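What follows is a set of notes on a single structure, which appears directly below.
The values are calculated or read from the model by the stated rules, or taken from the named source; none is laboratory data. A quick note: this is a predicted structure, and the numbers were derived from the prediction, not measured. Cβ atoms come from the backbone with ideal geometry, glycine included; neighbour counts cover every protein chain shown. With ligands, DNA and RNA removed, areas are computed over all heavy atoms of the protein, side chains included. Shrake-Rupley method; radii C 1.70, N 1.55, O 1.52, S 1.80 Å.
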Amino acid sequence: MTEETLSNLLHEERRFEPPAELAAAANVTADAYAEADADRLAFWAKAAERVSWAEPFTEVLDWSNPPFARWYGGGRLNAAYNCVDRHVEAGHGDRVALHWVGEPDDEARTVTYAELRDEVCRAANALTELGVTAGDRVAIYMPMIPETVVAMLACARLGAPHTVVFGGFSADALASRISDCQAKVVITSDGGYRRGAASALKPAVDEACDKVAAGNEVEVEKVLVVRRTGQDVAWQDGRDVWWHDVVDAQSPEHEPEAFDAEHPLYVMYTSGTTGKPKGILHTTGGYLVGTAWTHWAVFDLKPETDVYWCTADVGWVTGHSYMVYGPLANGATQVMYEGTPDTPHKGRWWEIIERYGVTIFYTAPTAIRTFMKQGEQIPAGFDMSSLRLLGSVGESINPEAYVWYRRVIGADRCPIVDTWWQTETGQIMVSPLPGVTAGKPGSAMTALPGVSAQVVNDEGKAVAPGSGGYLVLTEPWPGMLRTIWGDDERFRKTYWSRFPGRYFAGDGAKLDEDGDIWLLGRVDDVMNVSGHRLSTTEIESALVSHPKVAEAAVVGANDETTGQAVCAFVILRETAVAEADEPGEGEDLVQELRRHVQREIGAIAKPRQIMVVQELPKTRSGKIMRRLLRDVAENREVGDVTTLADSSVMGLIQDGLSSSSSDDA
Ligand code: ATP
Ligand code: MG
């Protein structure tokens, strides 16, 4: 993907400078870039002061055996001590750690740092009693409740790597993750609340345990169950234990053991957008430094005054790095919400922002596009004047969605940090610094201080401004993955072989004339139309910039003449849906959208086919699974759907298409 990449000029002229007030008091200034450029390892040594070490490290980085990095060699620390105890010791025990909000509207709990510390100690004592020792793996399959955070920190305290599996995953998905990392204990709950009703979790654990046992792997020895909903659960004596029976009675004292900086902290499976999930291993010291520093710098966190809210589920990496480890290491006060944004009403998130005076808000483009679809009158009904900073993660944010987010949620006052990173990177890598960098809708801007990103062509040569290619990271960073669990060879092959010595992210990117980075979508998703490389992200953003379109997904389908042809799936905004249903209107709309893409990008990008759909297939973390849409566009049987958020979506799309006439090739 080189000079052929189309340069989409959509809104590129828009720039938002950092607000003067924020810039004047920002945690990080422009000097950080110069400092890190002058001496990258000295920069990361200094960043490591954000963490409390039981024994200081003697070597910042050992990169003598790439791609296996060792950060902060000789250092010893305890991640849970860093996230709770030390804040209590520093006199902040009364500070709120979590404002937990249940989905049922009348439920809420406030957990201070002192309370969190006690609970983590009790849980660590309980896990010890259940036989968990350092190095054992523990699977966590929970709803968004405080006990989930407690469970993660209790594992970290004992040096037992956790693997959190999103509560919406099936028994199969859970079983394959338990088997892959051979977890001997599972922590779960009877269920949780979602969309206004109690849903069950324990039955999936029972099924997964049976599957694991049948597969001749290690057996799950204990299942620790939190009572959340009070629903009936099947019980296996000897294996199953209630949280309230074994945790509540424990002592709130527990001596944290200091572990080697490279001691495994957790295994997290990627969201499976491009294929089978990979078990990404993160270790203790580097990961904690990477997440704490970036959370403090990118969100300009002021722990005494800010109320931070990251809407991600703890079941994926954003929940690990920017709800648990980064914010808690920084002593932040945050909101944790159990439910969905539309329960019991579509203004639920905005109501929570108003109620808790949220100042920093971090969410995903998929959510923003959903709110755009519903219309701005809903957020307009709430007072969100407490907000001062907005963040985005998970996918490129379409310029139209960025501008809407900034204007409607941020009242044109709050800067947006568009943060590019991955499960593998552990920490944010490419993002504006809110007091330093201007924001451009659709661009993640530049690599953070201490991070070395490049956009390179097929031969691995850095491209010039104005051109596109592959995003690579040229130097190791503290929060980097250490390997794929149990598969060093796959680790090497997937990330370090395409451009030897450099980390291959798998994402396409381009540099604009200023040298700022625009993410273009997965390399696997790039289309080749008559020899031109086209980016899914750019065509999707062109479609979303049309006033009638709320969401779009673009894929390349085999085409006899052009090699691949652009096929688009669009969801209309609510105001446009009724119109499109009028006889003849649907067809006109499709033509209008094709012309719109031609105008915005060029004739080569004009979709061969546009299909209006109700839903798009998304992973549990809200990302579009284009590979499934490619199967539909090419009339193939759809591939692996195990990580799909809603498995009925593919059926709906296929039914809708066979009865619609929107194929206008
Ligand atoms: P898998 O690797 O199993 O296919 P996944 O890549 O979706 O799953 P994650 O690690 O959760 O799993 O997602 C990381 C990817 O998300 C990045 O590689 C990138 O494609 C996308 N991404 C995240 N943040 C941004 C952003 N701010 N801008 C553009 N893309 C982003
Ligand atoms: Mg990935």
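Here the simple spin-label model places points 7 Å from the Cα toward Cβ, and for Lys461 and Ala197 these points are separated by 6.0 nm.
A Cα-only calculation for region 158-204 places Rg and Dmax at 11.9, 37 Å.
The apolar share of the surface of the chain, taken as the fraction of accessible area on carbon and sulfur atoms (1.4 Å probe, ligands and nucleic acids excluded), comes to 47 percent. Positive-end ranking of Leu98, Gly74, Ala36 along the dipole of region 1-130, with charges on Cβ about the Cα centre, is headed by Gly74.
Pairs of Cα atoms in region 530-659 fall into 5 Å distance bins, from 0 up to the last occupied one, in shares of 2, 11, 21, 24, 21, 15, 7, 1 percent. Taking 17 Å as the straight-line reach from the Cα of Lys184, the lysines in range (excluding those fewer than 8 positions away in the same chain) are Lys202, Lys211, Lys222. Of Arg70, Arg498, the residue with the largest accessible area leads and the full order is Arg70, Arg498 (1.4 Å probe). Note on the chain: along the principal axes its Cα atoms extend 69, 59, 51 Å, ordered by decreasing extent. Note on the chain: dipole from Cβ charges, positive end direction compared against Val138, Leu644, Trp53; the farthest Cα belongs to Trp53. Relative to one another, the C-alpha centroids of region 200-267 and region 59-73 are positioned 34 Å apart. With R₀ set to 60 Å, the beta-carbon distance separating Arg492 from Ala90 gives a calculated FRET efficiency near 0.90. Calculated accessible area for the chain comes out at 35 Å² per residue, all protein chains present (probe 1.4 Å; ligands, DNA, RNA ignored). Working from Cα positions, state the angle (0 to 90°, nearest 10) between the long axis of helix 585-600 and the longest principal axis of the chain. Rounded to the nearest ten degrees, it is 80.
Spacing of the modelled spin labels on Asp588 and Val641, each 7 Å from Cα toward Cβ, amounts to 3.5 nm. Once the Cα-Cα distance is subtracted from the 0.36 nm per residue extended length, the Ala578 to Arg14 segment shows a gain of 199.8 nm. For region 62-136, the percent of C-alpha pairs falling in each 5 Å distance bin, counted from 0 to the bin holding the largest distance, reads 3, 13, 14, 15, 14, 15, 12, 8, 4, 2, 1, 0.
Decide, for region 261-353, between rounded, prolate and oblate: order the square roots of the alpha carbon gyration tensor eigenvalues as a ≥ b ≥ c, take rounded if a/c falls under 1.5, and otherwise choose prolate if a/b is larger than b/c, else oblate. Oblate is the answer for region 261-353, as a/c is 1.5 or above yet b/c matches or exceeds a/b. Residues whose amide H lies under 5 Å from that of Met625, counting only those 5 or more places away or on a different chain, are Lys618, Thr619; hydrogens are built 1.01 Å from N in the peptide plane. Axis angle, to the nearest 10 degrees, between helix 649-658 and the longest C-alpha principal axis of the chain: 10 degrees. Relative intensity of region 1-149 on a log10 scale, I(q)/I(0) at q = 0.16, 0.19 Å⁻¹, equals -1.16, -1.22, per a Debye sum over C-alpha point scatterers of equal strength in the absence of solvent.
Given axes a ≥ b ≥ c from the Cα gyration tensor, I'd like to know whether region 374-506 is rounded (a/c under 1.5), prolate (a/b larger than b/c) or oblate.
Note, shape of region 374-506 comes out prolate.
Rounded to the nearest 20, the size of the Cβ-charge dipole of region 21-511 about its Cα centre is 1340 debye, with Lys and Arg at +1 and Asp and Glu at -1. Multiplying the residue separation of His345 and Glu257 by 0.36 nm and subtracting their alpha-carbon distance yields 27.1 nm. Shape summary: region 338-407 maps onto an equivalent ellipsoid whose semi-axes, from the alpha-carbon gyration tensor, are 18, 14, 12 Å in decreasing order. With both labels modelled 7 Å from their Cα along Cα-to-Cβ, the Glu304 to His244 distance reads 4.0 nm.
Computed from backbone phi with θ = phi - 60° and the Karplus coefficients 6.51, -1.76 and 1.60, the 3J(HN,Hα) list for region 161-174 is x, 9, 10, 8, 10, 3, x, x, 6, 6, 4, 4, 5, 5 Hz; x is used for glycine and proline. Using R0 = 45 Å, the C-beta based FRET efficiency linking Asp37 and Thr128 works out to 0.45.
Computed with a 1.4 Å probe on the full set of protein chains, the accessible area for Arg533 sits at about 70 Å². Along region 129-146 the Karplus relation, 6.51 cos²θ - 1.76 cosθ + 1.60 evaluated at θ = phi - 60°, assigns HN-Hα couplings of 4, 7, x, 7, 10, 3, x, 5, 9, 10, 8, 10, 9, 9, x, 7, 10, x Hz to successive residues, with x for each Gly and Pro. Note on Thr474 and Asn65: with the Förster distance fixed at 25 Å, the Cβ-Cβ geometry gives a FRET efficiency of about 0.90. Fully extending the segment from Glu221 to Lys276, taken as 0.36 nm per residue of separation minus the present Cα-Cα distance, adds 17.1 nm.
Look at the dipole of the chain built from charges on Cβ: of Ser392, Gly191, Ala444, the Cα furthest out on the positive end belongs to Ala444. Distances between placed amide hydrogens fall under 5 Å for Ala97 paired with Val111, Thr112, Tyr113, all partners being 5 or more residues away or on another chain.
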